[in-house]
């Protein structure tokens, strides 16, 4: 997270110095210590210049899958609510050259995400925006333990 705060510092000569400083802080990705929000998975797909929704429709058809909802039983590997954060170091999967199973799994996860949350109980929505996000998913349920 990136916070800008007005801060007031007092020097040894007791003159106040005001300014703006960026403060970077996050509990996300922390798997040890009193606050735990471990990284669950990083996801992202690179469709190149192809339309992501049309590309996924084609993959489903070629794989004999009638609906993205059918992917839940095969590829949904975790059922915990997560917080999503745009990946700071994205390494998207190249759709054209990747294994279909990897593409389908990541597309399923991306379809269950908004820009900020992963909810495995929501409907799978594939839009250009949802399929082209690069996200890190964090288990915030550990925060409350």
Checklist entry - Counting only residues that are more than 23 Å from the chain's Cα centre (by Cα) and part of a helix (DSSP H, G or I), how many does the stretch 61-74 have? => result 3
Checklist outcome for this item: Reported set for the stretch 96-110 where residues are within 16 Å of residue 42 (Cβ to Cβ) and either surrounded by fewer than 19 Cβ atoms within 10 Å (Cβ to Cβ) or more than 10 Å from the chain's Cα centre (by Cα) (or both) is 98, 102, 103, 105, 106, 107, 108
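A short reminder: the numbers here are calculations on the coordinates, not readings from a lab. Keep in mind it's a predicted model, so treat the numbers as computed, not measured. Backbone-built Cβ (ideal geometry, glycine too); neighbour counts: all protein chains shown.
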